[in-house]
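First up is the structure itself, then whatever we jot down about it.
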Amino acid sequence: MLKIRSMLLWLFVLSFLLAVSTGCVWKNHVAENDKKLANPPVPVNNPSSDLVKKADRGQKGVSFQVVTNPEIIPVLVNKRNKLPKSYQPLDLIFPDIPFTFKEKLEKRKMRTKAASAIEELFAAAKQQNVTLLGVSAYRSHATQENLFKYYVNLDGYEAARTYSAIPGTSEHETGLAIDVTGGNGKCAAEACFEGTPEASWLQDHAAEYGFIIRYPKGKDTITGYKYEPWHLRYVGKAIAQDIMSRSITLEEYLDVTPVNK
């Protein structure tokens, strides 16, 4: 009888130990599966995954806000605010000003108000013995697309977007912007335009005709572009005089988030 009781006791102990062991194994198995579900393995050599990573790095996580009122004069177009792809100004005309080229090309055009204002600006400069030439004004979406692709092929995507606009984010597509240079045609849209008599005159007088230096010196962390003393943007006299007198940008005037922050 005592021997039977001992055997039963040993059987009970063995059953208990087996149950505990099985439970631990199962618990560990479940826990391991939970970890896998929470942290799924990243597929190796997955082309689509690589493309997503590259796209994220290229855009730096910045999403575009499509402009809903592209026709207003003080419209904000920059690296975060994009024109609708189908947008084309309806009031483009050829301003009566000299350019660095003779052909009657698309890039001579500006919207009506801006064209009239640039004619007045050029005439006033000439009266003060400052001769100006237009370099490039309106640019269609297709033209900007081809231009940006060219720079990407030349310098790579990241480098290109520091000095050229992604299609839809160029002010030239608004018909309200124009690049200008001095009467000798030198330093057209180049750094050497800085410090010239023409650049100084524009800095002092552009606002009188409704234009601002769109990308001022030392404001690249706000506008997203380096200093461009040749790039004029029409916003209207009242806004232009306010912006230029306070040495601020269009982003600061409209109190929006800087594009590089």
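Brief remarks follow.
- Legend: distances between Cα atoms for K82/K226; K107/K237; K107/K219; K102/K217; pairs beyond 22 Å are K107/K237; K107/K219; K102/K217.
- The listed peptides 131-139, 170-178, 68-76, ordered by packing as a protection proxy, come out as 170-178, 131-139, 68-76 (highest mean of other Cβ atoms within 10 Å first).
- If you take all other residues with their beta carbon under 14 Å from the beta carbon of C187, and give Lys and Arg +1 and Asp and Glu -1, the sum is -4.
- Taking other residues whose beta carbon is less than 10 angstrom from the beta carbon of S136, and scoring Lys, Arg as +1 and Asp, Glu as -1, yields +1.
- Leading residue at positive end of dipole, region 200-261 (Cβ point charges), from A238, P216, Y253: P216
- Sequence-distant residues sharing a close amide H with N81 (under 5 Å, placed H): Q65
- Spin-label model distance (nm) - F64 vs S245, 7 Å beyond Cα toward Cβ: 3.6
Each value in this text was obtained by applying a stated rule to the coordinates, not by laboratory testing. Predicted model only: the values in this text are computed from it and were never measured. Counting neighbours? That spans all protein chains shown, and the Cβs are built from the backbone with ideal geometry, glycine included.
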